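Step one of this worksheet: look at the structure below.
The values are calculated or read from the model by the stated rules, or taken from the named source; none is laboratory data. Not measured: the values here are computed from a predicted model. For neighbour counting, all protein chains shown are included, and Cβ atoms are generated from backbone atoms with ideal geometry for every residue, glycine included. Please note that ligands, DNA and RNA were not included when accessible areas were found on the heavy atoms of the full protein model with its side chains. Shrake-Rupley method; radii C 1.70, N 1.55, O 1.52, S 1.80 Å.
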Amino acid sequence: MIHFSQINKHYGQFHVLRDIDLHIKSGEVVVVIGPSGSGKSTLLRCINRLETVTDGELVVNDTKVNDKSTDINKLRRNIGMVFQHFNLYPHMTVLDNITLAPMKVNGMSNSEATEIAMHYLTKVGIPDKAKSFPSQLSGGQQQRVAIARGLAMKPQIMLFDEPTSALDPEMVGEVLDVMKSLAKEGMTMVCVTHEMGFAREVADRIVFMDQGQILEEGIPSEFFNNPQEERARQFLSRLN
Ligand code: ADP
Ligand code: MG
């Protein structure tokens, strides 16, 4: 579903991604971890071309992401993204936040988009908040709206960039639970997170990045119990 082959990226002189090879199958849940500044967000943002790569080949769902002929909007319709800060439109209700893209981008009717929005709001556990404004919701509820908004486009891939990092601790669990259920349903997911419990329990594979490189990857039990790389060991020991 997602293929990074020898991907390099620079920000000006700064070499942020180095020879990335990463292949993610349909239905796989990959958790990307690593120190701040190691390139995790950049890696994620290349997938939907929020960032362009300098060289190498990146193929997402059989589309060459960086080809001139690639329809970027079509690519993005298929990829939902959830950020640390929820990026909801403050002046719009929860429902309108969710129905906006399906109506504008996919040309869906209001009634159809509303039905889908209510379906996903129910899925994330807050159908009663449809008429509320973002400012009337807790952080955890806002993030669940952001997830519902992503899902309403029926993407094949969901990207999560530290979706719980801005939340009060008591709200982290409700967002992770939604992500867990998505994973169980077979969504292809790439998640950057510091929630190691989630990574252990839900990930099919852990990817450890440091200084723009993938230093180590493996299934959670092996990675967490027996990391091979010294820098991975150091990173994990600092978390505890
Ligand atoms: P992470 O998500 O692992 O913290 P990022 O991908 O956000 O890492 O950033 C990796 C490095 O690239 C950091 O050193 C950061 O300062 C730098 N960087 C990120 N975005 C830009 C940008 N738009 N221009 C220049 N440097 C950037
Ligand atoms: Mg980041």
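For the reader, a short list of remarks on this structure follows.
- Looking only at region 1-37, and only at residues there that are open to solvent by 20 Å² or more (accessible area, probe 1.4 Å) and charged (D, E, K, R), the one that is nearest to ligand 1 (Cβ to nearest atom): Arg18
- Exclusive hit being crowded, with 22+ Cβ neighbours inside 10 Å and over 28 Å from Arg231 (Cβ atoms), set Ala101, Ala148, Ala203: Ala148
- Candidates Gln211, Gln156, filtered to the one that is more than 22 Å from Ser36 (Cα to Cα), in contact (Cβ under 8 Å) with a residue 40 or more places away in the chain and not charged (D, E, K, R): Gln156
- Within region 38-45, at least one residue is under 18 Å from the mean Cα position of the chain (by Cα), open to solvent by 50 Å² or more (accessible area, probe 1.4 Å) and under 29 Å from Leu239 (Cα atoms).
- Matching residues in region 1-44 - criterion: being within 16 Å of ligand 2 (Cβ to nearest atom), touching a strand residue (DSSP E or B) at 6+ places or on another chain (Cβ under 7 Å) and either in a strand (DSSP E or B) or on the phi > 0 side of the Ramachandran plot (or both): Lys9, Val16, Leu17, Ile20, Val30, Val31, Val32, Ile33, Gly34, Gly39
- With respect to the conditions (1) more than 20 Å from Lys25 (Cβ to Cβ); (2) buried (at least 18 other Cβ atoms within 10 Å of the Cβ), Pro169 lacks only one, and its number is (2).
- Some residue of region 139-162 being farther than 25 Å from Asn8 by Cα and among the acidic types (Asp, Glu): no
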